[in-house]
1. Which ranges mark the helices (runs of 4 or more DSSP H) fully within segment 216-329 that have 2 or more residues being at positive phi?
2. How many of the residues in segment 188-208 are away from the ligand (no atom under 16 Å from the Cβ) and either open to solvent by 40 Å² or more (accessible area, probe 1.4 Å) or among the aliphatic types (A, V, I, L, M) (or both)?
3. Regarding segment 209-225, can at least one residue be identified that is touching a helix residue (DSSP H, G or I) at 6+ places or on another chain (Cβ under 7 Å) and within 27 Å of Ser100 (Cα to Cα)?
4. Considering Ala68, Ala139, which residue is more than 20 Å from Val38 (Cα to Cα), among the hydrophobic types (A, V, I, L, M, F, W, C), open to solvent by 20 Å² or more (accessible area, probe 1.4 Å) and in contact (Cβ under 8 Å) with a residue 40 or more places away in the chain?
5. Among Ile8, Ile16, Ile12, which is of a type in the set (Val, Ile, Thr), modelled with pLDDT under 95, open to solvent by less than 30 Å² (accessible area, probe 1.4 Å) and assigned to a helix (DSSP H, G or I)?
6. Quick one: which residue in Asp194, Asp263 is of a type in the set (Asp, Glu) and either farther than 30 Å from Asn70 by Cβ or modelled with pLDDT of 95 or more (or both)?
7. So Gly361 fits all but one of (1) modelled with pLDDT of 85 or more; (2) assigned by TED's automatic domain parsing to the domain that holds Ile412; (3) surrounded by 15 or more Cβ atoms within 10 Å (Cβ to Cβ); what number is the exception?
8. Checking the structure you have, find out if any residue of segment 265-276 is in contact with a strand residue (DSSP E or B) (Cβ under 6 Å, 6 or more places away or on another chain) and away from the ligand (no atom under 16 Å from the Cβ).
Amino acid sequence: MAKFKGIINKLIITVIFSMVSVCSLAANGAKKVLLVGVDGTQYERVMALNTPAFDRFNIIKAYTGGVAGNKSEQRTVSGPGWTTILTGVWKNKHGVESNSDGLASSSWPSIYRYLHDANSQLKLYGFSTWGPIHTQFFANDMAFLSSRAEGGSDDDNVQRTLNVLYHDSPDFIFLHLDEPDAAGHSHGFGHEYDESIIRSDHRLGLLLDAVEHREQTFGENWLVLVTTDHGRDFMGKGHGSQTKQEKTIFIASNKPLNKNYQDIIALPNKSFGGIYGWPAQTYIVPTILNFFGVMSDIHWRLDGLPLIGDINVNRIYANIGGKKCGLEWDVNTASPATIGMNEHVAKFDCDGHADPLFIKGNKIYANIFNSGCTLQWDVDKGTPLTLEESEHVAKFDCTDYGDPLQIKNQQITSYIDDQLCGFQWDADAGTPITLGRNEHVAKFDCQGSPDQLIIE
Ligand SMILES: [Zn+2]
């Protein structure tokens, strides 16, 4: 039946297409995005099955559920998952912990809101078989949509999307499909589940055909991303826990993806078969923003990085005793410099390595365990990290905005209580901040001048 329906869809499309007058072929290359989410789709089953539409994409493994044991950890269920997909941040920022939660935090906008704020003329659409995405978490953003739907069947919502693609001039469409999740809950892994993926693949093919026709007809430049909110447990019926299979998702793109993201997220954490070496669900929003060219400095606070377009990485070094020492954030567990799960002491490590950073405007950002963190000086009171009065330990804070810095002539300064304080590495002997022999805690000293750095 589903296959038959697909054929009918194709006939309808053919008829529609013969009616569409091929108007302006002016290849303006206008950028457009279709984001398709297929709920509860196990990456390994997509890989194992014959899925010709998925084969038209570049598909990479990715993960959900945040980083286990970190502040970003979240249940591998739909509420937190879709909220992360549409905001680019984890639960500790967006605040949605379960399927029954209400609005996501207004501090972390959805992709609908980012695009509307960037250009209120953009035509945005959202069709979601699982309604709560629209009616609960992003209810305040629905006014931005030119047309929307919640509930109904996957075929209904694919048809709505095809109608928009063939009859309208959309800039961004989010489409949520639910069949694999429902099949998994009812039957676990097996024939029914596999069939639901094959039907989803067929729907993807119809969507991709429609997008490619638009590109050929109107000269538009479409980014199509496909992802899922979570994997499934051993039997395929349930999900929600921190297991490799439930954390495994995918990101598929009709365009080639960045190659350098894997250098940036090289993590010491090898849990879950090294899944943290892959991009996360948080990469979707930065990727879309960067593709549209509306990624601004502040978006480097998001918990993911763009998979499309260049990521210009900065590294900062200091010459300490004739050695080139790199600015890093990866304090070893059990070191005396652990501030809290959201705060990472900044240090210069003289082993020759430096962590990738992003210098944007007057801030320095780091992606730490796929959390967006910013360089700061205001260590909370009561931590063991107080140096003398004039010295403030530098840290990367993964929840706060970061302190405004002046970065010029290879030096960094910041105003602390109206005093100009210089970024340095030379913690005084006898402070409690001595890390290993090779490591020097970074600090802002309000009585000394900034150290000369090498910013690459
Ligand atoms: Zn489910």
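The values are calculated or read from the model by the stated rules, or taken from the named source; none is laboratory data. Values in this document were obtained by computation on a predicted structure and should not be read as measured data. No Cβ is skipped: glycine too gets one built from the backbone with ideal geometry, and neighbour counts run over all protein chains shown. When the accessible area is computed, the model is the full protein with side chains, heavy atoms only, and any ligands, DNA or RNA have been set aside. Shrake-Rupley method; radii C 1.70, N 1.55, O 1.52, S 1.80 Å.
1. Details: elements: 244-247, 261-264, 271-274, 284-292.
Passing ranges, in order: 271-274.
2. The total comes to 9.
3. So far as segment 209-225 goes, yes, one or more of its residues are touching a helix residue (DSSP H, G or I) at 6+ places or on another chain (Cβ under 7 Å) and within 27 Å of Ser100 (Cα to Cα).
4. Details: Ala139 fails: in contact (Cβ under 8 Å) with a residue 40 or more places away in the chain.
The unique qualifying residue is Ala68.
5. Details: Ile8 fails: open to solvent by less than 30 Å² (accessible area, probe 1.4 Å); Ile12 fails: open to solvent by less than 30 Å² (accessible area, probe 1.4 Å).
Answer to the check: Ile16.
6. On the way: Asp263 fails: either farther than 30 Å from Asn70 by Cβ or modelled with pLDDT of 95 or more (or both).
Only one candidate qualifies: Asp194.
7. The single condition Gly361 does not satisfy is (3).
8. Narrowing segment 265-276 to residues in contact with a strand residue (DSSP E or B) (Cβ under 6 Å, 6 or more places away or on another chain): 275.
Applying the additional criterion that residues be away from the ligand (no atom under 16 Å from the Cβ) yields 275.
Within segment 265-276 (the criterion being in contact with a strand residue (DSSP E or B) (Cβ under 6 Å, 6 or more places away or on another chain) and away from the ligand (no atom under 16 Å from the Cβ)), the answer is yes, since at least one residue qualifies.
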